[in-house]
């Protein structure tokens, strides 16, 4: 519970949660129909490629596109357990949601559908932020899938930052060729020397 409370009280998380609640409230202001649920699901699904694209292209491969975000991500890689760099800053959350809300309204022309879309998108971001938080805090995930996702993200930090961009969903890593299997990872680890296994354990289980 200690880490759940730490996560829930963070201002960045609180902002995203507020966006989710407001979006859901706007959607609920009109009796829901199948379009409301479709827009919410689209918001949830859209975050999946957005997560991968931002992490890979804006925060790694093309730093000049968003230099402040890139600088913050560099700081995160240099200090992966520092909570200051662990969650998406509100200086990017605020304009990001404004842009997505405007685009959704332009497409739907209905506030309730826009609210549903934003609620889905922000709900999915909360899940992403939690998975990223778990990856860098001394938390042991409850499921094999959760433990696997944490391991992949720690490999991204401690083995090779050119792989494993998906923090909460690995599918696009497989599709885009930015995933390597355990055997290949072990070969890379061996060729680079050092005690990377100990680094992974330390990153995952210490304050």
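Annotations for the structure displayed:
- Of note, residue 140 does not satisfy the criterion of being modelled with pLDDT of 95 or more and over 14 Å from the mean Cα position of the chain (by Cα).
- One residue from 117, 100 being farther than 22 Å from residue 70 by Cα, surrounded by 18 or more Cβ atoms within 10 Å (Cβ to Cβ), at pLDDT 95 or above and in contact with a helix residue (DSSP H, G or I) (Cβ under 9 Å, 6 or more places away or on another chain): 117
- So residue 93, is it crowded, with 17+ Cβ neighbours inside 10 Å, over 15 Å from the mean Cα position of the chain (by Cα) and not in a loop (DSSP other than H, G, I, E, B): no
- Of the criteria (1) farther than 20 Å from residue 4 by Cα; (2) modelled with pLDDT of 95 or more; (3) surrounded by fewer than 18 Cβ atoms within 10 Å (Cβ to Cβ), which one residue 127 fails: (1)
- The condition of being within 24 Å of residue 166 (Cβ to Cβ), more than 15 Å from the chain's Cα centre (by Cα) and surrounded by 17 or more Cβ atoms within 10 Å (Cβ to Cβ) holds for only one of 74, 19, 26, that being 19.
- Test set (1) out of contact with any helix residue (DSSP H, G or I) (no Cβ under 6 Å at 6 or more places or on another chain); (2) part of a helix (DSSP H, G or I) - residue 180 fails condition number: (2)
- Residue 14 being at negative phi, in a helix (DSSP H, G or I), in contact with a helix residue (DSSP H, G or I) (Cβ under 7 Å, 6 or more places away or on another chain) and surrounded by fewer than 17 Cβ atoms within 10 Å (Cβ to Cβ): no
Every residue, every condition in (1) in a helix (DSSP H, G or I); (2) within 16 Å of residue 165 (Cα to Cα); (3) in contact with a helix residue (DSSP H, G or I) (Cβ under 6 Å, 6 or more places away or on another chain), yes or no:
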site: 50; (1), (2), (3): yes, yes, no
site: 57; (1), (2), (3): yes, yes, no
site: 84; (1), (2), (3): yes, no, no
site: 104; (1), (2), (3): yes, no, yes
site: 107; (1), (2), (3): yes, no, no
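The values are calculated or read from the model by the stated rules, or taken from the named source; none is laboratory data. Being a predicted model, the structure only gives us computed values, none of them experimental. Quick reminder, even Gly has a Cβ in these numbers, built from the backbone with ideal geometry, and neighbours come from all protein chains shown.
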